[in-house]
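Participant: The structure under discussion is supplied below as structure tokens; questions concerning it will follow.
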Amino acid sequence: MNTTTFNGVRITLFGHASVCFEYANQFIYVDPFVLSSAPRPAALILHTHKHHDHCVLPSSITTSSTTVIGRGCKHPAQSAEIGSPIKFGTLSILPVHAYNTNKPFHPKGEGAGYILTFNPCIGGPAASPVRVYVAGDTDRIPEMANYRCDIAILPVGGTYTMTMEEAAEAVAVIMPKIVIPYHCNYLSDLKVDLSLFKAMVAEKAKGVDVRILTP
């Protein structure tokens with residue numbers, strides 16, 4: 001199963017770091033490097049950084065009304081400034097830091113994660129705001145202590161981002177209701193056993209629901 005739902009927000013993981021949110025009949029994509037065979041048109045595309053496996057603009061989901069927002073994006077896009085909220089209809093978007101602390105791939109300031117707040121609206125099923133943190137390509141960073149969310153979508157593949165152990169430590173700091181691991185098991189050098197991640201979270205952050213989505 002590659003899809004889960006929380007309080008009316010439907011989350012689909014297509015593979016690697018490509019995520020889609022469906023809410024109030026709109027589709028919001030983050031880093032759409034991988035897509036389904038019949039993707040739905042995007043109301044909004046968010047890019048976390050400029051790398052080729054993240055910053056893509058597929059014609060299969062892009063229309064004349066699609067809004068594109070990104071940090072360091074190589075496509076025409078509204079710039080995501082760290083700490084500066086962006087409004088998209090009833091959706092609130094907060095770009096936050098995403099960077100490496102012990103490797104050179106993602107310098108601080110070049111990329112972003114996003115905290116998305118899906119606010120109740122006409123035609124939207126959520127009775128209260130739903131906050132989702134999409135971490136992007138990042139290590140466990142000090143700023144995470146200030147991130148509050150219902151759902152955290154965290155990279156766990158290592159090499160370019162956090163390892164599973166580091167991600168479990170990040171869960172213990174953030175303490176979301178739900179954590180979804182991603183950025184793993186698509187590229188050949190990012191293979192992990194997600195059952196181990198689930199066990200680590202159970203030990204370090206008791207009560208957090210680990211939802212493993214399998215594209």
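The values are calculated or read from the model by the stated rules, or taken from the named source; none is laboratory data. Everything numeric here is computed off the predicted structure, so don't read it as measured data. A quick note on method: Cβ atoms are made from the backbone with ideal geometry, for glycine too, and the neighbour counts reach across all protein chains shown.
Participant: Mind checking which residues of the range 65-99 are under 16 Å from residue 146 (Cα atoms) and more than 18 Å from the chain's Cα centre (by Cα)?
Facilitator: none
Participant: Restricting to the range 79-91, give me the number of residues that are surrounded by 13 or more Cβ atoms within 10 Å (Cβ to Cβ) and in a strand (DSSP E or B).
Facilitator: Qualifying residue count, the range 79-91: 4.
Participant: Filter the range 89-131 for residues that are of a type in the set (Phe, Trp, Tyr) and in contact (Cβ under 8 Å) with a residue 60 or more places away in the chain; which is farthest from residue 153 (Cα to Cα)?
Facilitator: 118
Participant: Just to check your reading of the model, which residue among 177, 87 is over 28 Å from residue 202 (Cβ atoms) and at pLDDT 95 or above?
Facilitator: Residue meeting the stated conditions: 87.
Participant: In the list 88, 33, which residue meets the criterion of being touching a strand residue (DSSP E or B) at 6+ places or on another chain (Cβ under 6 Å) and farther than 22 Å from residue 117 by Cα?
Facilitator: 33
Okay, residues lined up against (1) over 25 Å from residue 35 (Cβ atoms); (2) in a loop (DSSP other than H, G, I, E, B):
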residue	(1), (2)
105	no, yes
113	no, no
116	no, no
121	yes, yes
143	yes, no
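Participant: Taking the range 145-156 only, how many residues are of a type in the set (A, V, I, L, M, F, W, C) and not in a strand (DSSP E or B)?
Facilitator: 3
Participant: Can you tell me how many residues within the range 182-206 are acidic (Asp, Glu) and either under 25 Å from residue 33 (Cβ atoms) or in contact with a strand residue (DSSP E or B) (Cβ under 6 Å, 6 or more places away or on another chain) (or both)?
Facilitator: Final tally of qualifying residues: 2.
Participant: Considering the range 14-43 alone, what residues qualify as being part of a loop (DSSP other than H, G, I, E, B), surrounded by 23 or more Cβ atoms within 10 Å (Cβ to Cβ) and hydrophobic (A, V, I, L, M, F, W, C)?
Facilitator: Hits for the range 14-43 are 17, 42.
Participant: Further question on the same structure: State all residues of the range 175-213 that are part of a loop (DSSP other than H, G, I, E, B), of a type in the set (Lys, Arg) and under 20 Å from residue 5 (Cβ atoms); if no residue qualifies, say none.
Facilitator: 177, 211
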